[in-house]
1. Has region 56-69 got any residue that is hydrophobic (A, V, I, L, M, F, W, C), part of a loop (DSSP other than H, G, I, E, B), free of Cβ contacts under 8 Å to residues at least 40 places away in the same chain and surrounded by 16 or more Cβ atoms within 10 Å (Cβ to Cβ)?
2. Under 13 Å from the mean Cα position of the chain (by Cα), of a type in the set (S, T, N, Q) and surrounded by 14 or more Cβ atoms within 10 Å (Cβ to Cβ): which single residue out of SER35, SER30, SER23 fits that description?
3. Looking at (1) over 27 Å from THR148 (Cα atoms); (2) in contact (Cβ under 8 Å) with a residue 40 or more places away in the chain; (3) out of contact with any Ser or Thr (no Cβ under 7 Å at 6 or more places or on another chain), which one does LEU32 not meet, given that it meets all the others?
4. If you check LEU20 against the conditions, is it assigned to a strand (DSSP E or B), closer than 16 Å to GLY87 by Cα, in contact with a Cys (Cβ under 6 Å, 6 or more places away or on another chain) and not polar (S, T, N, Q)?
5. Taking region 156-180 only, how many residues are surrounded by 11 or more Cβ atoms within 10 Å (Cβ to Cβ) and either over 25 Å from VAL9 (Cβ atoms) or among the hydrophobic types (A, V, I, L, M, F, W, C) (or both)?
6. Out of the residues in region 123-135 that are in contact with an Asp or Glu (Cβ under 8 Å, 6 or more places away or on another chain) and not charged (D, E, K, R), state the one that is farthest from HIS159 (Cα to Cα).
7. Does LEU118 count as at pLDDT 95 or above, touching a Ser or Thr at 6+ places or on another chain (Cβ under 8 Å) and in a helix (DSSP H, G or I)?
8. On the basis of being touching a residue at least 60 places away in the same chain (Cβ under 8 Å) and under 14 Å from the mean Cα position of the chain (by Cα), does ARG84 make the cut?
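The values are calculated or read from the model by the stated rules, or taken from the named source; none is laboratory data. All values reported here derive from a predicted model rather than from experimental measurement. Please note: Cβ atoms are built from the backbone with ideal geometry, for glycine as well, and neighbour counts cover all protein chains shown.
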Amino acid sequence: MNRATRELVGALPCAGLDVLEISGTDWRESRLNFSSYQSLSYPDYDICERPLGAGVCDLMIAEQVFEHIRSPHRAIENAFTMLREGGAVLLTTPFLVKVHPFPEDLYRWTEDGLRLLLEEAGFTKVVTGSWGNRKCVIADMTPGMKWTLYHPMLHSLKHEPQFLVAVWAFGRKPGAAPQGTAGSSAQ
């Protein structure tokens, strides 16, 4: 997932992007040299409640967030509002992982489900992906809330489409990107 999503974002003109990450900071250290970067987290900011404003960012990233929010359709509509024309959204979600209520664990999506979520909100050029395999699913099924860390000698990276661990979607808001911002397609 990380490799594929970094390629999608890395294909954008990163130096001109104003980036908003929802409930995370992983992309702050991405070395993609964004023009600006901001991270907002629940409960200080709830993407289901309201957009920050219209056209406030070029790229919005929500990694492993949408499974926890009560109104994903409202949240993706708010994301659409917050993006500038031609902007992009990146969502990643778990699929076959243990339930992790932080504060709640509510949803799982397939690639088709995430594509539909984005398209219904108005996003175009939606690209989806997924990854997983039986060994990684089984390795994660341990008691407690600790995650199993990847170990190359124990865990294969071979993809088995019936045993997804993670699913992602990348979509564009229609329109020309503002000058100096996300203008190229990630496809």
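1. Within region 56-69 (the criterion being hydrophobic (A, V, I, L, M, F, W, C), part of a loop (DSSP other than H, G, I, E, B), free of Cβ contacts under 8 Å to residues at least 40 places away in the same chain and surrounded by 16 or more Cβ atoms within 10 Å (Cβ to Cβ)), the answer is yes, since at least one residue qualifies.
2. Working: SER35 fails: under 13 Å from the mean Cα position of the chain (by Cα); SER30 fails: under 13 Å from the mean Cα position of the chain (by Cα).
When all the criteria are applied, what remains is SER23.
3. Single failed check for LEU32: (2).
4. Yes; evaluated as a whole, the condition is true for this residue.
5. Residues that pass the stated criteria total 12.
6. The initial filter retains those residues of region 123-135 that are in contact with an Asp or Glu (Cβ under 8 Å, 6 or more places away or on another chain), namely 126, 128-130, 132-134.
Then keep just the ones that are not charged (D, E, K, R); that gives 126, 128-130, 132-133.
Working: VAL126: 21, THR128: 15, GLY129: 11, SER130: 9, GLY132: 5, ASN133: 6 Å.
Among those that are in contact with an Asp or Glu (Cβ under 8 Å, 6 or more places away or on another chain) and not charged (D, E, K, R), it is VAL126.
7. Working: at pLDDT 95 or above: yes; touching a Ser or Thr at 6+ places or on another chain (Cβ under 8 Å): no; in a helix (DSSP H, G or I): yes.
Judged against the criteria, LEU118 is not a match.
8. Working: touching a residue at least 60 places away in the same chain (Cβ under 8 Å): yes; under 14 Å from the mean Cα position of the chain (by Cα): no.
Taking the combined requirement at face value, the residue does not satisfy it.
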